[in-house]
Structures are given as C-alpha cells and as structure tokens.
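First up is the structure itself, then whatever we jot down about it.
The values are calculated or read from the model by the stated rules, or taken from the named source; none is laboratory data. These figures come from a predicted structure and were not determined experimentally. Reconstructed Cβ throughout: ideal geometry from the backbone, glycine too, with neighbour counts over all protein chains shown. All accessible areas refer to the heavy atoms of the entire protein, side chains included, with ligands and DNA or RNA removed. Shrake-Rupley method; radii C 1.70, N 1.55, O 1.52, S 1.80 Å.
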Amino acid sequence: METPIRFRNHISIVAERMVRGLVFLGALLAGNLSQNLPGLLEDAGHISENLPAFAAGLAGIFVLFLILVLWQVMIWSKTYISICENTLVIERNTMNRMKYTIAASSISNVNMEQNLFEMLIGTSKLKLDTNSLSTANKTDVQILLKTAQAEALKQHLMSMMHQDAPAPQPEAAKKAAAMPDAPASFDSHADFGDILAHGFFSISLFSLLILVLSIAGAVFSIREAIFSGSTEGLAGFLVSFLLIFGLFASSFWDIARGFIQYYNFRVRRLEDRLYIQYGLLRKVSYTVPVDKIQALKINQTLSARIGGRYMAEIINIGMGDEGNDRNSFLVLYCRKDTLLKRLSSLLPEFADSLELDVQRQPSRVWAVWLIPFGIAGLLLGFLSWSLYWFQILTAFWCIAAPLLMAGGCLLLMILRYLTCGCALKEDYVLAVNGYLGRRVTMAAYHQIQYVELKQNPLAMLLHLQKGRLHLLAGAGNQIHDLPYFSSKKIDFFRRRLLHSKEQRGYTNPINEKGEQA
C-alpha cells in the first residue's frame with residue numbers, strides 16, 4: 001500500500017486570506033478617525049473627553065484584527081492535504097469539519113499561478129479543476145506552496161491523472177521537482193510585435209465607444225464647471241466626474257490589458273499535453289491534457305475580421321472560469337496561414353477547423369425572421385400613431401423613432417445572415433456566430449454534453465432547425481448557439497452524436513423541445 005503524502009499550505013496563505021478582512025478593518029479605522037480626530041484637533045482643551053472614545057475605537061479594531069488573524073491561523077493549522085492511491089484529499093478539522101476527496105482521473109487540469117506578492121516571497125499557487133459541471137465556474141482546489149514544492153506536486157498530480165499508469169511514489173515526485181515546469185523550447189513564443197498586434201485586434205468596439213464617450217463627458221463637465229463660475233454645484237460635479245472616471249478607467253483597462261496581460265506568451269505541445277505560460281504582474285502556467293479539451297474556438301473582432309486576423313482559444317474546465325474570460329488563449333491574433341501552421345503543431349486534432357465548408361443559414365430563414373419582424377413593425381407603428389394622436393410625441397419622432405429601430409433590427413439580421421452558419425461533419429460540428437465580429441466553435445461529438453434543439457411553428461413549416469450545444473466548461477463557454485440549418489440534417493446529426501456517445505458508454509444526449517430524451 002502506498003504511503004500517504006500529507007502536508008499543509010504555506011503559512012503565507014494567512015496573509016493572502018486576510019486581504020478582505022484588512023479592507024473591512026481599514027473602513028472601520030477611517031470611520032473612527034473621521035468621527036473623533038476632528039474633535040481632538042479642534043478642541044485641545046477637552047482632549048481628555050474625546051480621547052477615551054478614540055482609544056476605545058482603536059482598541060476594538062485591534063481586537064478584531066487579532067481575532068481574524070487567529071481564526072485564519074487556526075484554519076491553516078487544521079487544514080491538511082493528502083495524496084494516496086490516486087486520490088487527493090483535502091481535510092479541514094475546524095468546528096465545521098470538511099473532507100473533500102478527488103479522484104485523480106477526474107482532474108481536468110493542474111495550473112500554476114503567481115501574483116506579485118507570491119513572486120516576492122517565492123511561493124506559487126496550484127489550481128486544480130475537475131470534470132464537474134456544478135463547479136465549472138470556479139477553481140475546485142487551491143494549494144499554496146513554495147515554488148519548488150508546487151512544481152514537484154504538479155508533476156506528481158499530472159502523472160496520477162493517467163489511470164492506466166500507477167501513481168508514482170514520493171521519491172518520484174521529489175525527482176520531478178528537478179524537471180522544468182514546461183519544455184525549454186516552445187512551438188510558439190510571442191514577441192513584442194505579436195503582443196502589440198494582439199492588443200490592437202482584441203480591442204472591443206463597445207469598450208472603445210465607452211472610452212470616447214467618457215472622455216467627451218469629462219471634457220463637457222469640466223467646461224461647464226469652469227464657465228459657470230459657481231461653487232453651488234461643486235458636489236454634483238465631483239460625483240458626476242467620479243462616475244465618468246470610473247467608466248473611463250474600466251474601458252481603458254479593458255483595452256490596455258490586451259497589450260500587457262500576455263507578456264512573454266509561449267505555448268508548446270509535448271506528447272498528450274499542452275504547456276501554456278504568460279504574465280508579467282500575474283504569472284500563470286497551464287498544463288492541459290489534450291483529451292480534456294472540450295472544443296476549439298476561433299475568434300475575430302470587427303477589426304480582426306477586416307484585417308484578416310484570427311485568434312484561437314481552447315475550451316475546457318479550469319480555463320476561462322472565475323469571471324476571467326481572457327486566460328484560455330492558445331494562439332494570439334495572427335494571419336490565417338500562421339494560425340493554421342501553429343494549430344498543426346499544437347493541436348492537430350482541430351487543425352482543419354478553418355478549412356471545413358461552413359454553410360450559411362438557408363435563405364428561407366428570412367421568412368422566419370421577417371414575418372415576426374413585420375408583425376412587430378405594425379404594432380410599433382400603431383403605438384407611434386397613438387402617441388402622436390394623444391400629442392405625447394411630435395410627428396417627427398413618431399416617424400423617426402420606428403424607422404431607426406426597424407433599420408437597426410434589419411441591419412442586425414443582415415449581419416447575422418452574412419456571418420452565421422454551421423457544418424455537420426463525420427467527427428465534428430462547427431457553429432459560427434456573430435454580427436460584426438465572428439466566433440467559430442469546433443467540438444467533437446463525444447465532447448458535447450447534450451444538445452438542445454428548438455423549432456417554432458414557422459421554422460417547422462419551412463423545415464428549419466436551430467439549437468444549442470452544451471459543453472463541460474465555465475459559464476462563458478458552456479452554451480454555444482447552433483444557427484438555423486435544414487431539418488433534413490437532423491437524422492445525420494443525431495446518428496453521429498449518438499454513435500460517439502454509445503462508443504463511450506453515454507446515454508442519449510439529445511433533448512428536443514417537447515420530447516423526452
């Protein structure tokens with residue numbers, strides 16, 4: 001029987017977990033100072049009256065600080081991590097006891113991460129994710145260790161993930177510590193020019209619009225404050241300026257992080273694993289088993305579509321979760337020939353994703369769209385006429401507003417028709433979505449959790465079908481729309497999907513609206 005490996009997190013985890021508590025204590029301290037300090041400074045003759053309240057507040061905050069520290073130290077001292085016989089056990093023996101057991105075969109991937117504080121003290125965080133849809137939006141287990149120990153544990157866990165191979169002994173894990181976290185040379189290494197190009201083509205049109213509007217709003221507010229010459233509206237000006245600054249900072253960071261987040265981006269395929277590393281202030285290192293990848297996604301923003309650039313992401317548990325949708329890149333924005341070359345070396349299983357014949361939605365889809373559109377237009381016209389009749393709106397707005405709304409909806413329909421489509425092949429399904437930008441999702445049938453097919457009466461009459469693909473991934477990558485396609489292809493789609501599932505012992509993965517699977 002294998003000897004268990006038992007250890008605890010690094011003690012610095014107490015400091016990291018204290019961050020939120022310190023923010024709360026800082027707010028209490030600021031409130032205490034604002035309430036008592038002015039009295040101490042203005043009325044020096046009555047310091048004896050104000051000082052006790054001020055000191056009592058400081059003492060209370062200090063006691064709360066000690067309680068938080070002692071509580072976190074107790075959690076750290078009572079939490080153990082054990083590895084034995086292809087299982088990972090996290091055990092917490094505090095007042096509320098908890099024992100969490102994970103089979104190595106259920107681990108999707110093991111990632112390493114370092115923030116700035118961890119870089120300074122020489123620790124690293126291991127993040128483990130499992131093949132579980134219920135925890136797809138968060139990291140299942142986080143372990144903080146010294147960097148050398150984290151690397152050794154990572155190698156140990158990765159070897160345990162292969163069910164057909166016995167778990168290595170502790171001595172093997174110690175030897176793995178001397179191995180590099182990833183290969184010395186990489187198949188793709190982004191230089192400064194690649195990072196700049198990626199940052200430019202990843203700019204969101206919405207973020208750019210918000211940035212421009214916030215700058216214009218700030219200029220207008222400052223101009224009004226200067227030329228008004230009044231101090232009565234100073235408080236209102238400061239509030240509005242802070243709101244505008246918040247919008248500006250958010251949109252600016254959304255644009256700027258595309259230029260700095262992927263510093264030193266590099267990736268390599270070695271046997272059945274992908275090694276991905278990048279980061280400056282926050283360094284991350286992914287080791288992803290290829291068989292855990294659910295799908296490949298090819299993205300294009302509007303500028304990338306105009307400039308003929310493509311970016312590739314992989315979809316699996318542990319990448320793109322926790323609200324961060326920008327950490328699953330496989331290939332940064334580049335030209336099509338470069339993308340195909342890199343996919344051929346990194347992920348040949350999906351290398352033909354750009355070469356498949358994607359069929360645009362059937363032209364009869366316009367009937368499905370335009371008939372409801374016409375009915376909605378009549379209702380909107382009647383509403384506008386009513387508003388004009390009761391003299392709520394002028395004739396200009398009663399005509400202009402419906403026309404603008406109808407024109408916008410018609411433009412979106414045209415953009416969707418020109419962009420969207422799908423391809424049902426023997427082993428893969430491709431779903432293409434978007435309006436100004438473009439998003440191609442390529443998933444093998446056996447990686448699809450289930451399919452939801454939808455068909456309204458009009459689509460049924462025109463023999464059209466649409467649906468949704470559900471994958472095992474984070475919330476942002478769980479559901480992928482399957483645009484309208486001919487109902488004649490449903491039987492082929494069903495056969496290929498069921499065949500791939502039956503080969504792996506799964507049940508019927510198709511759910512049609514109104515039918516039991």
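One table, with the values for the structure above:
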| item | result |
| --- | --- |
| Yes/no for Pro509 being open to solvent by less than 20 Å² (accessible area, probe 1.4 Å) and modelled with pLDDT of 85 or more | no |
| Output for segment 258-307, where each listed residue is in contact with a helix residue (DSSP H, G or I) (Cβ under 9 Å, 6 or more places away or on another chain), among the aromatic types (Phe, Trp, Tyr), at pLDDT below 90 and not in a helix (DSSP H, G or I) | Tyr262, Tyr263 |
| Selection within segment 83-109 - out of contact with any helix residue (DSSP H, G or I) (no Cβ under 7 Å at 6 or more places or on another chain) and of a type in the set (Gly, Ala, Ser) | Ala103, Ser105, Ser106 |
| Residue match in segment 367-387 (condition: open to solvent by less than 70 Å² (accessible area, probe 1.4 Å), in a helix (DSSP H, G or I), within 30 Å of Ile315 (Cβ to Cβ) and out of contact with any strand residue (DSSP E or B) (no Cβ under 8 Å at 6 or more places or on another chain)) | yes |
| Meets criteria (under 26 Å from the mean Cα position of the chain (by Cα), outside any helix (DSSP H, G or I), crowded, with 20+ Cβ neighbours inside 10 Å and touching a residue at least 12 places away in the same chain (Cβ under 8 Å)) for Leu482 | yes |
| Only one of Leu458, Leu453, Leu464 that is within 12 Å of Phe493 (Cα to Cα), open to solvent by less than 50 Å² (accessible area, probe 1.4 Å), among the hydrophobic types (A, V, I, L, M, F, W, C) and in contact with a helix residue (DSSP H, G or I) (Cβ under 9 Å, 6 or more places away or on another chain) | Leu453 |
| Extreme residue, farthest from Leu128 (Cα to Cα), among residues of segment 423-432 that are assigned to a strand (DSSP E or B) and open to solvent by 10 Å² or more (accessible area, probe 1.4 Å) | Leu424 |
| Cross-chain or 6+ apart pairs with Cβ under 7 Å, segment 49-67 first and within 22 Å of Arg17 (Cα to Cα) and modelled with pLDDT of 80 or more, then surrounded by 15 or more Cβ atoms within 10 Å (Cβ to Cβ) and of a type outside the set (D, E, K, R) | Leu64/Leu25; Phe65/Leu25 |
| Considering residues of segment 128-149 that are hydrophobic (A, V, I, L, M, F, W, C), open to solvent by less than 20 Å² (accessible area, probe 1.4 Å) and farther than 12 Å from Thr287 by Cβ only, the residue modelled with the lowest pLDDT | Ala136 |
| Hits in segment 76-96 - residues which are modelled with pLDDT of 85 or more, surrounded by fewer than 16 Cβ atoms within 10 Å (Cβ to Cβ) and among the aliphatic types (A, V, I, L, M) | Val89 |
| Filter result for Lys99 (touching a strand residue (DSSP E or B) at 6+ places or on another chain (Cβ under 7 Å), surrounded by fewer than 12 Cβ atoms within 10 Å (Cβ to Cβ) and modelled with pLDDT of 75 or more) | yes |
| Residues of segment 290-308 satisfying the condition of being open to solvent by 10 Å² or more (accessible area, probe 1.4 Å) and within 21 Å of Phe186 (Cβ to Cβ) | Val290, Lys292 |
